[in-house]
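The values are calculated or read from the model by the stated rules, or taken from the named source; none is laboratory data. Just so it is clear, the model here is predicted, and its values are computed rather than measured. All Cβ positions, glycine included, derive from the backbone under ideal geometry; neighbour counts span all protein chains shown. All accessible areas refer to the heavy atoms of the entire protein, side chains included, with ligands and DNA or RNA removed. Shrake-Rupley method; radii C 1.70, N 1.55, O 1.52, S 1.80 Å.
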Amino acid sequence: MNHEVVDGIPVLWAEAPGPLEAVLMFGCGAQDETLRTLGTTHMIEHLAMSTLPRLHHDHNASVDLLTTQFTCTGRPEQVTAFLAAVCGALTALPLDRIEQEAGVLAAEDGRVADPMTGELLSHRYGAQGLGLAAFRGPGADRIPVEAVRGTVERYFHRNNAVLLLTGPPPEGLRLPLPDGERPDRSTPRPVLHTGPSWRHEDVPGPGIALRGDLDDPALLLACKVLSERLRATVRHEHGLSYDVGGDTVHAGPGRGERTVCLDAREGQEARVAELLWAGALRLAAEGPTDAELAEEVTGLRELFEDPRSVTHELGEAAGALLFGDECQDAQTRLAALAKVTPDQAREAFARALETVLLVVPCDAEVEAVLPDGRPLPAYSCATVRDLPSGAAVFRPPLSARLRSSQARRARLAVDDRGLWAREPDGGVHHVPFAEVVGVEMRGPGRVVFGRDACVIPVMPELWAGIGAAVDAVDAAVPEHLRYAASAFRPAD
Ligand SMILES: [Zn+2]
């Protein structure tokens with residue numbers, strides 16, 4: 001791998017078959033947004049791409065949790081022109097096009113993770129950082145123009161970019177980007193839930209997340225063996241699932257999440273979840289066999305040595321540069337993988353299982369037990385026991401109380417510190433005003449989003465006479481966090 005510098009930007013390149021491919025990568029993704037500004041990076045990407053003339057060579061752009069990437073393939077002069085145009089657009093974004101691009105964004109599925117991984121991340125990190133993967137946010141038409149300006153200034157400059165090329169830098173290559181301050185990536189992302197626990201979510205299938213060292217070859221192989229075993233049993237033997245997938249998510253230096261997720265045939269969600277959990281427990285207890293490890297190492301060797309994986313390897317190196325991680329070349333990684341013993345893989349998996357988060361589709365009832373025999377705790381954000389004394393208390397509308405004993409037990413309480421909502425079963429949700437990350441204004445009502453992903457609706461159809469509660473929310477939550485519900489979405 002070759003390393004050069006053009007206009008102050010690191011350029012990593014290695015020869016690969018086919019026409020020249022370029023990826024201009026910025027260390028800015030959905031994790032750098034807030035619930036209120038969700039979609040800002042995607043808007044920036046769209047605004048920049050909207051300035052390009054019609055091009056007849058391959059080109060694209062994308063935003064994920066960590067990065068924004070502008071990609072093109074073509075003749076050297078086409079690549080040079082594309083990169084210069086993208087840098088030019090990022091330097092002078094057409095902010096007057098925000099409204100049109102908002103419509104385009106609303107039409108596009110801008111998901112940054114599969115649904116199970118998204119929910120697992122929100123379970124781990126809350127409604128912030130990586131946890132934003134599960135949220136839709138206020139909507140593309142509510143992205144504040146100041147957030148677009150601020151994000152471009154903070155992240156889209158020459159000290160937060162890397163260019164990858166599958167050949168030597170072409171003649172005349174320029175990357176004219178402004179100067180800026182390199183973002184500090186040295187602190188790990190704050191974790192809200194260390195695990196282990198499980199929760200119900202509106203997801204198509206079950207999934208688990210394990211927190212650990214993403215560079216640990218033993219944990220990587222253990223997760224691959226688990227996926228392979230699930231493919232053999234859940235899909236091929238029982239025919240319950242189509243896709244056994246998962247993701248790897250970097251969460252700061254040396255730490256991250258590995259997820260293993262499955263979809264499920266309708267009505268079979270609980271069974272698939274049980275098979276996933278049983279497979280994880282068995283792997284933590286017995287470990288993989290020598291043959292299983294050898295099989296996974298063979299597969300990874302094929303992948304690493306495929307000449308088409310050059311772009312992937314360059315991407316890994318670029319990510320390491322942007323986020324300050326270590327990066328080993330493919331041969332070093334393979335050597336480490338080949339040395340992993342079944343016992344090391346078992347131990348790495350068992351240790352990671354202490355951090356497990358399990359997500360299960362809403363209707364599926366699962367009884368999951370930890371390796372030591374205790375039940376896997378169910379997670380609820382209703383962690384408070386009582387309503388505060390002295391708060392203003394609201395009850396559901398009379399018609400609801402007459403109809404349902406559940407409604408007769410529910411309460412909403414408000415004081416100058418925050419909101420409390422008591423569920424019929426007694427659990428109390430609490431969002432302190434200091435931890436509010438967004439307030440959606442829906443006509444006379446409000447929906448209040450807390451940092452730990454707890455959501456309290458302050459809506460007239462749920463609570464009687466809520467005018468005072470709405471006033472309290474509006475008085476306590478700064479204006480920049482309150483927004484009118486998106487015009488692109490039907491009220492729900
Ligand atoms: Zn809650």
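Pick out the one residue from Thr194, Thr166 that is polar (S, T, N, Q) and open to solvent by less than 50 Å² (accessible area, probe 1.4 Å).
Working: Thr194 fails: open to solvent by less than 50 Å² (accessible area, probe 1.4 Å).
The unique qualifying residue is Thr166.
Within region 369-383, can you find the residues that are more than 10 Å from the ligand (Cβ to nearest atom) and either among the aliphatic types (A, V, I, L, M) or exposed (fewer than 13 other Cβ atoms within 10 Å of the Cβ) (or both)? Spell out how you get there, then give the answer.
Step one: list which residues in region 369-383 are more than 10 Å from the ligand (Cβ to nearest atom), which gives 369-379.
Val369, Leu370, Asp372, Gly373, Arg374, Pro375, Leu376, Ala378, listed by residue number.
Given the conditions (1) exposed (fewer than 14 other Cβ atoms within 10 Å of the Cβ); (2) of a type outside the set (A, V, I, L, M, F, W, C); (3) more than 23 Å from the chain's Cα centre (by Cα), and given that Thr248 satisfies all but one, which numbered condition is not satisfied?
All conditions pass for Thr248, except number (3).
Take the conditions open to solvent by 40 Å² or more (accessible area, probe 1.4 Å) and either within 28 Å of the chain's Cα centre (by Cα) or within 16 Å of the ligand (Cβ to nearest atom) (or both) and apply them to Ala485. Does it pass? Step through it out loud before you land on a result.
Values: open to solvent by 40 Å² or more (accessible area, probe 1.4 Å): no; either within 28 Å of the chain's Cα centre (by Cα) or within 16 Å of the ligand (Cβ to nearest atom) (or both): yes.
Against the criterion (open to solvent by 40 Å² or more (accessible area, probe 1.4 Å) and either within 28 Å of the chain's Cα centre (by Cα) or within 16 Å of the ligand (Cβ to nearest atom) (or both)), Ala485 does not qualify.
Given the conditions (1) surrounded by 17 or more Cβ atoms within 10 Å (Cβ to Cβ); (2) within 22 Å of the chain's Cα centre (by Cα), report the number of the one that Leu387 does not fulfil.
Single failed check for Leu387: (2).
Mind telling me which of the residues Arg265, Arg282 ends up being modelled with pLDDT of 95 or more and basic (Lys, Arg)?
Numbers: Arg265 fails: modelled with pLDDT of 95 or more.
Of Arg265, Arg282, the one residue that is modelled with pLDDT of 95 or more and basic (Lys, Arg) is Arg282.
In region 361-395, which residues are within 30 Å of Arg408 (Cβ to Cβ), β-branched (Val, Ile, Thr) and in a strand (DSSP E or B)?
If the condition is that a residue be within 30 Å of Arg408 (Cβ to Cβ), β-branched (Val, Ile, Thr) and in a strand (DSSP E or B), then Val384, Val393 are the ones that fit.
Out of the residues in region 30-64 that are surrounded by fewer than 21 Cβ atoms within 10 Å (Cβ to Cβ) and among the polar types (S, T, N, Q), state the one that is farthest from Val104 (Cα to Cα).
So the residue we want is Thr34.
Go through region 65-103 and give me each residue that's open to solvent by 60 Å² or more (accessible area, probe 1.4 Å), free of Cβ contacts under 8 Å to residues at least 60 places away in the same chain and not hydrophobic (A, V, I, L, M, F, W, C).
Across region 65-103, the qualifying residues are Arg75, Asp96, Arg97, Glu99, Gln100.
Do you know which residues across region 454-474 are within 15 Å of the ligand (Cβ to nearest atom) and open to solvent by 20 Å² or more (accessible area, probe 1.4 Å)? Explain how you work it out, then say what you get.
Kept after step one, since they are within 15 Å of the ligand (Cβ to nearest atom), are these residues of region 454-474: 454-458, 462.
Across region 454-474, the qualifying residues are Val455, Pro457, Leu462.
Looking at (1) open to solvent by less than 60 Å² (accessible area, probe 1.4 Å); (2) more than 16 Å from the ligand (Cβ to nearest atom), which is the one condition that is false for Gln406?
(1)
Here are Pro424, Pro432, Pro444: which of them is within 16 Å of the ligand (Cβ to nearest atom), within 18 Å of Ala476 (Cα to Cα) and not aliphatic (A, V, I, L, M)? Show your work before the answer.
Working: Pro424 fails: within 18 Å of Ala476 (Cα to Cα); Pro444 fails: within 16 Å of the ligand (Cβ to nearest atom).
Sole residue among the options that is within 16 Å of the ligand (Cβ to nearest atom), within 18 Å of Ala476 (Cα to Cα) and not aliphatic (A, V, I, L, M): Pro432.
Determine whether region 122-134 contains at least one residue that is buried (at least 24 other Cβ atoms within 10 Å of the Cβ) and not in a helix (DSSP H, G or I).
Yes.
Tell me yes or no: at least one residue of region 207-223 is more than 25 Å from Leu334 (Cβ to Cβ) and either at pLDDT below 90 or assigned to a loop (DSSP other than H, G, I, E, B) (or both).
No, every residue in region 207-223 fails to be more than 25 Å from Leu334 (Cβ to Cβ) and either at pLDDT below 90 or assigned to a loop (DSSP other than H, G, I, E, B) (or both).
On the given criteria, is Gly172 assigned to a helix (DSSP H, G or I) and outside the structural domain of Val272 (by TED's automatic domain parsing)? Spell out the reasoning first.
On the way: assigned to a helix (DSSP H, G or I): no; outside the structural domain of Val272 (by TED's automatic domain parsing): yes.
Taking the combined requirement at face value, the residue does not satisfy it.
Which one of these is closer than 30 Å to Leu262 by Cβ, among the charged types (D, E, K, R) and touching a strand residue (DSSP E or B) at 6+ places or on another chain (Cβ under 9 Å): Arg124, Arg174, Arg136? Spell out the reasoning first.
Details: Arg174 fails: closer than 30 Å to Leu262 by Cβ; Arg136 fails: touching a strand residue (DSSP E or B) at 6+ places or on another chain (Cβ under 9 Å).
Testing whether each residue is closer than 30 Å to Leu262 by Cβ, among the charged types (D, E, K, R) and touching a strand residue (DSSP E or B) at 6+ places or on another chain (Cβ under 9 Å) leaves just Arg124.
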